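Data first, discussion second: the structure below is written as structure tokens.
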Amino acid sequence: MTLQAIFEQNRERLISAVSGADTASAIPVLSAELDRILYTYNDQEENARVREAAGSMIQVAKAACSLVDTAGDTKIYGRTEYGAAAPVKGKLPKWGLVLLILGLIGAAVTVAGIQLIASSAAAASAGLPPRWLLAALPLLTVASFFLAGMLLRRGKQSPGETLHAETKLDASLVCNRLLSMILVMDKRLEEVRSSVRMEEKERQKEQASAMDPEELELLSRLLEDAYGRRGEDGQAEEEISQIRFYLHKKNIDVVDWTPEGNGPGGWFDMMPAYSGGTIRPALAADGVLLKKGMASAGRG
């Protein structure tokens, strides 16, 4: 079973667990899922080197999970489209209305005072207010209008309003990224497994080739003798089985002749005989002939 197959078994539950979570809480969830995948994989993997490679890769993937928590600061911007947006109506507070009225009165008095001063005849006959008051009225009028405007502007705002920003993970995207890492790990693990198989075959081949030629010749003759006694001696099949098993432990195959041909690559010397069949089996290791066999096609 591959890492991908194990991951797919729990994919929907993982998406559900990550959905709506923030980046900090998603990291332990992903780490626990990788631990589960590794435990399940190692439980069914027999080769120690493949298990070791899987463990190393999962540790790297768990370290990479911390990269999920790399979101920058989230900023909220307010934008006003001048000339495009409709005017906002604001409610003028009571004090703003009083200040607006005072400003209008002050403006009227200031205008009237200016006109009286401008007319020397009227200035001589009318009793004017003190000149300091006439000088201060414009300032007071401007101040009244300014404060009324400030109160009107404040009435348009929502006091105490705060803005919050929160970053959530895309659960499907996170699982897809995790699956991409798992596919890479599966490919690498298959390469490790193939390398182990090739090394094992080379080891078996070297072990078979290193077998004592005299021992190999002896076993071949014992097989020839047992094959010749088949059908007559009940112990012959037992002897053949025991020799086959012994050679199998040495990674050597016992190959019988078949009527379809003279054995793989001419592994048999053909002898004339009344009945066809294997006289002495060939011995080979990983497709390499170690000892030629002997067979007969019969008289037909």
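The values are calculated or read from the model by the stated rules, or taken from the named source; none is laboratory data. All of these numbers come straight from a predicted model, not from anything done at the bench. Note that each Cβ is placed from the backbone with ideal geometry, even for glycine, and that neighbours are counted across all protein chains shown. Accessible surface areas use protein heavy atoms only, side chains included; no ligands, DNA or RNA. Shrake-Rupley method; radii C 1.70, N 1.55, O 1.52, S 1.80 Å.
Worth a mention:
- Top-ranked residue of the stretch 1-56 - restricted to ones that are assigned to a loop (DSSP other than H, G, I, E, B) and more than 29 Å from V196 (Cβ to Cβ), ranked as least open to solvent (accessible area, probe 1.4 Å): A21
- Scanning the stretch 168-194 for residues that are open to solvent by 60 Å² or more (accessible area, probe 1.4 Å) and β-branched (V, I, T) yields one hit, V184.
- Look at (1) open to solvent by 60 Å² or more (accessible area, probe 1.4 Å); (2) at pLDDT below 80 and you find that G261 fails only one, number (1).
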